[in-house]
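Only the coordinates and a few stated rules stand behind these numbers; no lab work does. All values reported here derive from a predicted model rather than from experimental measurement. Note that we place each Cβ from the backbone using ideal geometry, even for glycine, and neighbour counts take in every protein chain shown.
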Amino acid sequence: MQSSEGHRAHGNPADSWAYERTNHPRKKKKRKAAAFAVILVVLLLCAAISVLYIRQYTVTGDSMEQTLMAGDRVFYVGFVQADYGDLIIFDAGETYGLVIKRVAGLAGDRIEIMPDGTLIRNGEVVEEPYMMPDAFGNSAVEEITVESEKLFVLGDNRATSVDSRDVRVGQIPLDTVRGVVTRMLRDTKAN
């Protein structure tokens, strides 16, 4: 049975197979439309993730100097688990609102702070090249153990930071953490 142009051959399997292997304008349009739909869905998902999960925060104060200066902007995501050294944004309540600090201890860690602000975690000195020592020697904290479902956080500028060393902030409950900083932009006008 012969097939006319643009119609599928019926009958002979060889003719049908040959028809399927040839390029047809309608099939190309369907493939292009499907590819376009996939790209559109991926772009919409990326936009939704950025709107829902990537947030911006503007730094205030000097507790994170030299890493962050007042006016710097940071971007953070809320679906990442915090780890040692991460900068996190958390809700410190009505008094302080949203705050940015560095994770120094996880649940179960033994934390001690020397007078100059040096961190000792589980009996070992932690190298913190970003830390500004407390020249006044007022940063000492006797060894404590980080409670379950909490974090111990510190500011990089140990002399001025109000952080987990202070009873007004204390250890941070995990459910107050808004996100982990993924990107920082320096405010060049202010500095």
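Calculate, in nm to one decimal, what Gln56 and Ala135 gain on full extension: separation in residues at 0.36 nm each, minus their alpha carbon distance.
25.2 nm
May I ask you to compute the full-extension gain from Glu143 to Thr182, defined as 0.36 nm times their residue separation minus their alpha-carbon distance, rounded to one decimal in nm?
Once the chain is fully extended between Glu143 and Thr182, it gains 11.0 nm.
If R0 is 41 Å, what FRET efficiency do you get for Gln66 and Ala35 from their C-beta distance, rounded to 0.05?
So the FRET efficiency works out to roughly 0.25.
Using a 10 Å cut-off around each Cβ, can you sort Glu142, Glu65 from fewest to most neighbouring Cβ atoms?
If I rank by nearby Cβ atoms, fewest first, I get Glu142, Glu65.
One-quarter of the Cα convex hull surface for the range 59-185, in nm²? If you can, show how the numbers build up before the last one.
Details: hull surface 28.3 nm².
Value for the range 59-185: 7.1 nm².
Excluding residues on the same chain fewer than 8 positions from Lys30, give the aspartates and glutamates whose Cα lies under 16 Å from its Cα.
Candidates past the 8-residue exclusion: Glu20.
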